[in-house]
Amino acid sequence: MKPRKSNCRIIAGFLTVLIVLLAAVLNHLETSEPTALPRMAEDMKTLEENFRQKNKSCFILGASGETGKVLLKEIVTKQIFSKITLIGRRKLTFEDKGSENLVQEVVDFEKLDDYAAAFQGHDVGFCCLGTTKAKAGTEGFVRVDHDYVLKSAELAKAGGCSHFTLESSKGADKNSGFLYLKVKGQVEADIEELGFDRYSVFRPAVLLVDRQESRPAEWLARKFLAPLSLVFPTALSIPVTTVVRAMVVNVLMEGEKKVEILENKDIFNLGKLAEKTEK
């Protein structure tokens, strides 16, 4: 019996060390990201009303995706844009009456130059377009997350869009050895070269969302990260609703920075700050 007790102590000790190390890593991730959080001198209602009076229009790329769906619902509810255009490969159907006045432009992403008119006349562009290597293969992933996104940004810029908001990813780096992060970083850099009046890049970590599409690895990750997020809310994950809230308030605040990169912690803080000012 003694050897068994000894083994139990060794395992317990190992697990204790592992938990301490994990906590240390998460704490480092939680505090290592820079925070460039602006001050909100006005509450959300005031920001919304001031923005609404400017009669601006927007388009959303990727409105059928998880972030895009929540973003669309948020801006439709707030009624901050005079016109909302959805640009995608198929027409979407909606049950709520608030979506009746949406404009939908169905395009062929392989021939985007033929659909330049769909991108004309918008003040703000939201890009939540993306796929995965597992779903589309390496070439398909690069084509969607880089080529389609960049060409859409080019057409938006030519069509008069002044503020382009891109949903990217935590760790995006054009010099990364990982394909996903490299592609995300490269498209960030390429769009910056287009010279939008204002360019906002959002780099969220793992999105906490009940995805309709079956992705077992993501499902397991979310089940693991959800409880951790209660203690370390910005280290490895973020609720998709927080990302969307941050995107919207970022547009409403009309900052002076020409190019801004919001890391996961910045997104979380901005989303929560907006939430506080609504109360």
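Here are a few things to note about the model shown:
- Flagged links, alpha-carbon separation over 19 Å, of 56/157; 69/257; 184/257; 157/257; 182/258: 69/257; 184/257; 182/258
- Among the chymotrypsin sites (Phe, Trp or Tyr not before Pro) within the range 154-213, those in coil by DSSP and having at most 13 neighbouring Cβ atoms inside 10 Å are 178.
- Candidate residues 203, 52, 245: accessible-area rank, largest first, probe 1.4 Å: 52, 245, 203
- Farthest towards the positive end of the charge dipole of the range 70-218, among the residues 168, 195, 106, is the Cα of 168, using unit charges on the Cβ of Lys, Arg, Asp and Glu.
- Environment charge of residue 122, counting only residues whose C-beta is closer than 12 Å and scoring Lys/Arg +1, Asp/Glu -1: +1
- The charge dipole of the range 38-276, taken about its Cα centre with unit charges on the Cβ of Lys, Arg, Asp and Glu (plus for the first two, minus for the last two), comes to roughly 560 debye.
- Protein-only accessible surface at a 1.4 angstrom probe places the residues 108, 266, 113 in the order 113, 108, 266, largest first.
- Hull volume in cubic angstrom per residue (convex hull over the Cα atoms of the range 38-276): 129
The values are calculated or read from the model by the stated rules, or taken from the named source; none is laboratory data. Note that this is a predicted model, so its numbers are computed, not measured. Note that we place each Cβ from the backbone using ideal geometry, even for glycine, and neighbour counts take in every protein chain shown. Quick note on the areas: whole protein, heavy atoms, side chains included, nothing else; ligands and nucleic acids left out. Shrake-Rupley method; radii C 1.70, N 1.55, O 1.52, S 1.80 Å.
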